[in-house]
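Colleague: There's a structure below that I have some questions on.
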Amino acid sequence: MIQRTLPTCQELDWQDELRQLITTPEALFERLCLPSRYLDQAHKAHALFPVRTTLSFINAMQKGDINDPLLKQVLPLGEELIQKKGFTDTPLEEDSFNTIPGIIHKYHGRVLLIAATQCAINCRYCFRRNFDYTANTLSKAQWQDIFNYINSDSSIEEVIFSGGDPLAMPDAPFAWAVTELEKIPHITRLRIHSRIPIVLPSRITKTLCHTLRNSRFDVAMVIHSNHAQEITPTVIEALNKLTSANIVLLNQSVLLKGINDNAATLTALSKALFSAGVMPYYLHLLDKVNGASHFDINKTQAKQLITALTESLSGYLVPKLVQEIPHAKSKTPIR
Ligand code: SF4
């Protein structure tokens with residue numbers, strides 16, 4: 001049986017685990033003992049949206065449950081083929097803000113840096129699924145262009161490491177990028193947007209924490225969790241390492257039909273995050289990317305959910321409901 005021959009994620013370091021991602025429907029079905037009658041449709045959808053997930057994320061799923069809320073985020077089952085009006089390949093029109101390779105400069109005072117072009121998992125709702133990562137894969141010279149770009153604009157105070165997933169970068173180049181940015185006097189804050197603490201917690205190494213703790217920047221990490229089931233003991237351990245390194249932890253979630261579109265699930269998520277030292281920050285309406293329309297929740301339902309959360313939770317546990325509108329000057333709050 002494959003479960004006996006493959007190592008568990010506890011036996012792998014993070015780079016080994018990245019090299020041993022599950023990337024076929026068969027492997028996922030076998031690991032999770034899923035009903036084989038769904039395999040054919042998974043295959044068809046996999047051609048459009050490839051399966052890619054970590055052993056750590058799989059370990060947080062329920063075996064045998066095709067409706068597991070974590071599995072549904074990574075296993076395409078045919079809905080990817082649905083075409084719906086209003087959905088496009090590039091809903092946020094990020095190309096128009098991709099000022100130089102590796103930089104998305106959209107909002108005042110901060111830039112987003114595509115520090116890595118890979119993710120540890122493929123999320124079925126990802127708005128960046130059609131992003132031109134090839135054009136944003138950086139050579140050493142292009143990294144220098146980025147530092148020059150940021151250095152030449154003193155209105156930029158904050159750099160946001162994004163991707164892909166920026167924590168897919170190994171420790172040494174990550175530390176180098178932080179050190180180079182520290183030479184730019186007007187940068188005071190570093191923000192890291194990453195799903196890796198949730199799906200590959202072994203990535204939170206001592207070296208990474210040392211780099212961030214010793215940086216002159218104020219550091220925030222915005223993790224990405226959609227369901228309390230993702231907050232496993234191993235994830236909590238990784239998050240504790242980050243808080244011990246004085247990193248402010250925030251979470252953003254995407255509101256996803258069939259996964260977290262009810263008040264009980266969102267309440268459990270907020271409580272689990274807070275217990276792990278993470279403040280609920282944003283709850284995003286789905287970005288209308290082709291292939292993800294089956295996850296869409298309309299604004300009225302979303303507002304009802306936030307009302308229910310507000311009535312049952314302390315205010316600081318209620319994430320801000322927001323939507324990203326191309327060319328708006330910030331995320332747009334939904335009230
Ligand atoms: S981790 Fe983030 S960037 Fe990567 S596929 Fe998921 S949503 Fe997209």
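Derivation of every value follows stated rules applied to the coordinates shown; laboratory data play no part. Quantities reported herein were computed from a predicted structural model and do not represent experimental measurements. All Cβ positions, glycine included, derive from the backbone under ideal geometry; neighbour counts span all protein chains shown.
Colleague: Of Arg191, Arg195, Arg203, which residue is in contact with an Asp or Glu (Cβ under 9 Å, 6 or more places away or on another chain), under 13 Å from Leu113 (Cβ atoms) and basic (Lys, Arg)?
Modeller: Arg191
Colleague: Within segment 107-116, how many residues turn out to be within 16 Å of the ligand (Cβ to nearest atom) and surrounded by fewer than 21 Cβ atoms within 10 Å (Cβ to Cβ)?
Modeller: Within segment 107-116, residues that are within 16 Å of the ligand (Cβ to nearest atom) and surrounded by fewer than 21 Cβ atoms within 10 Å (Cβ to Cβ) number 0.
Colleague: Out of everything in segment 170-199 that is out of contact with any Cys (no Cβ under 9 Å at 6 or more places or on another chain) and farther than 26 Å from Ser155 by Cβ, what residue ends up being surrounded by the fewest Cβ atoms within 10 Å (Cβ to Cβ)?
Modeller: If we take residues in segment 170-199 being out of contact with any Cys (no Cβ under 9 Å at 6 or more places or on another chain) and farther than 26 Å from Ser155 by Cβ, then Ala172 is surrounded by the fewest Cβ atoms within 10 Å (Cβ to Cβ).
Colleague: Against the condition without any contact (Cβ under 8 Å) to a residue 40 or more places away in the chain, under 18 Å from Ala116 (Cβ atoms) and surrounded by fewer than 22 Cβ atoms within 10 Å (Cβ to Cβ), how does Glu237 come out, does it pass?
Modeller: Judged against the criteria, Glu237 is not a match.
Colleague: Can you tell me how many residues within segment 117-143 are in contact with a strand residue (DSSP E or B) (Cβ under 9 Å, 6 or more places away or on another chain), more than 10 Å from the ligand (Cβ to nearest atom) and of a type outside the set (Ser, Thr, Tyr)?
Modeller: Final tally of qualifying residues: 4.
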